[in-house]
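One structure is given below, encoded as structure tokens.
The values are calculated or read from the model by the stated rules, or taken from the named source; none is laboratory data. Bear in mind that the values here come from a model prediction, so they are computed numbers and not experimental data. Here Cβ is always computed from backbone atoms with ideal geometry, including for glycine, and neighbour counts include all displayed protein chains.
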């Protein structure tokens with residue numbers, strides 16, 4: 001079971017942290033493979049696979065070669081490697097050269113959930129986080145505008161219902177009932193769609 005403290009305190013925490021980061025990078029279906037034989041893969045997505053290490057040791061070229069082999073024959077999948085940042089150089093020079101030659105994104109993370117790209121491929125993957133955040137912000141702004149417009153229309157309709165009910169008088173019982181329903185519906189929907197409600 002992972003830690004709920006906000007810190008990475010075990011391998012499971014590290015794997016879930018990496019999966020969340022990959023989703024932010026645009027690999028929206030990234031999931032942790034879980035315990036058991038995973039073929040060297042800790043996080044998988046339709047378009048990417050990742051290995052996550054939680055150890056106080058430098059990652060060498062053999063670790064990356066295992067990740068490369070675990071990907072299998074589908075070379076369209078992106079490769080990412082996450083390891084704990086315990087020194088200035090969590091990857092050996094040979095590992096970095098291998099990663100650069102094979103398009104593997106190298107990341108280092110801290111126990112307080114900070115991420116540090118270690119090569120250009122990782123920088124490119126991390127740029128996806130900014131794109132996803134910008135898209136989410138744009139969608140949130142658009143939804144706020146839609147809610148404001150819908151709220152205004154519904155509030156206007158409810159006021160029209162009140163006006164029709166007040167002016168209609170006794171001869172228009174049927175119209176009065178329709179106007180009352182319209183008024184009540186307008187107020188209820190205006191409350192539900194009021195600005196600021198998610």
* **Checklist (1) touching a helix residue (DSSP H, G or I) at 6+ places or on another chain (Cβ under 8 Å); (2) surrounded by fewer than 16 Cβ atoms within 10 Å (Cβ to Cβ) applied to residue 80, failing item** => (2)
* Matching helices (runs of 4 or more DSSP H) fully within region 93-198 where at least 1 residues are in contact with a helix residue (DSSP H, G or I) (Cβ under 9 Å, 6 or more places away or on another chain), modelled with pLDDT under 75 and under 30 Å from residue 16 (Cβ atoms) -> 120-168
* So residue 89 fits all but one of (1) farther than 14 Å from residue 18 by Cβ; (2) in a loop (DSSP other than H, G, I, E, B); (3) in contact (Cβ under 8 Å) with a residue 40 or more places away in the chain; (4) in contact with a helix residue (DSSP H, G or I) (Cβ under 9 Å, 6 or more places away or on another chain); what number is the exception? -> (3)
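Output yes when any residue across region 21-31 is assigned to a helix (DSSP H, G or I), modelled with pLDDT under 95, touching a strand residue (DSSP E or B) at 6+ places or on another chain (Cβ under 8 Å) and surrounded by 21 or more Cβ atoms within 10 Å (Cβ to Cβ), and no when none is. It would help to see each step written out before you state the result.
Initial filter on region 21-31 (assigned to a helix (DSSP H, G or I)): 21-24.
Restricting the remaining residues to those that are modelled with pLDDT under 95 gives 21-24.
The next check asks that each one be touching a strand residue (DSSP E or B) at 6+ places or on another chain (Cβ under 8 Å); those that pass are 21-22.
Now restrict to residues that are surrounded by 21 or more Cβ atoms within 10 Å (Cβ to Cβ): 21-22.
Within region 21-31 (the criterion being assigned to a helix (DSSP H, G or I), modelled with pLDDT under 95, touching a strand residue (DSSP E or B) at 6+ places or on another chain (Cβ under 8 Å) and surrounded by 21 or more Cβ atoms within 10 Å (Cβ to Cβ)), the answer is yes, since at least one residue qualifies.
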* **Selection within region 32-64 - modelled with pLDDT of 90 or more and loosely packed, with under 14 Cβ neighbours inside 10 Å** => 46, 62
* Identify all residues within region 65-81 that are at pLDDT below 95 and part of a strand (DSSP E or B); write none if there are none. => 78
